[in-house]
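Since the structure comes first, as structure tokens, the remarks are kept for the end.
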Amino acid sequence: MQERNWIMGLWKFSDKITIERLGEVAQQWADDDPHYLQLYIRRASKDQRAIGFTYDIFDGTDPRDAQDAYFEKTSDFLKRQFGNDLAGWDIAATIHLVK
């Protein structure tokens, strides 16, 4: 198993937010930030959709500090964009890669 300084997770939204709108956000992130290794849209539950991601911490920053900084910046952006339609998240840092 390899330990990676990646942040991985899901940003969850009410299914009132269209796949197209979530795709626009994910594409903007992909275009603006080379730290994203992976971005995708998927169903998160019966009434939620999610943007899934893998984010590389390039600079040797402590993974916890990097996760906190990433979370604050991104959650503020999403709260301004979507308000209460940002339904939640599931995010973790320092990934143990099996394959």
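Bear in mind these aren't lab numbers, they're just calculated from the coordinates by the rules spelled out. Quick caveat: nothing in here was measured; it's all calculated off a predicted structure. Using ideal geometry, Cβ is built from the backbone for each residue, glycine included, and neighbour counts are taken over all protein chains shown.
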**Item:** Between helix 19-32 and the chain: long-axis angle, C-alpha atoms, 0 to 90°, nearest 10
**Value:** 30
**Complete:** Mean separation of Cα contacts under 8 Å (at least 6 apart) over the residue count of the range 37-86, i.e. the relative contact order in percent, is 23
**Request:** Among His35, His96, rank each residue by its count of other Cβ atoms within 10 Å, from fewest to most, as a rough exposure measure.
**Result:** His96, His35
**Prompt:** Roughly speaking, what is the stretch gain from Ala30 to Phe58, that is 0.36 nm per residue apart minus the C-alpha to C-alpha distance, in nm to one decimal?
**Reply:** 8.5 nm
**Request:** Treat every Asp and Glu Cβ in the range 2-97 as -1 and every Lys and Arg Cβ as +1, leave all other atoms uncharged, and give the resulting dipole magnitude about the Cα centre to the nearest 20 debye.
**Result:** 540
**Prompt:** Which cross-chain or sequence-distant (5 or more) residues have an amide H under 5 Å from the amide H of Ala44, H modelled 1.01 Å from N in plane?
**Reply:** Arg49, Ala50
**Prompt:** Which of the listed residues, Ala44, Val98, Tyr70, is farthest toward the dipole's positive end in the chain, when Lys, Arg count +1 and Asp, Glu count -1 at the beta-carbon?
**Reply:** Ala44
**Prompt:** What number, in percent, do you get for the relative contact order of the chain if the mean sequence gap of Cα pairs under 8 Å and at least 6 apart is divided by its residue count?
**Reply:** 48
**Request:** Please give the per residue volume of the convex hull enclosing the alpha carbon atoms of the chain, rounded to a whole number of Å³.
**Result:** 98
**Prompt:** Relative to the first principal axis of the alpha-carbon coordinates of the chain, what is the inclination of helix 63-82, with its axis defined by its Cα atoms, in degrees from 0 to 90 and to the nearest 10?
**Reply:** 10
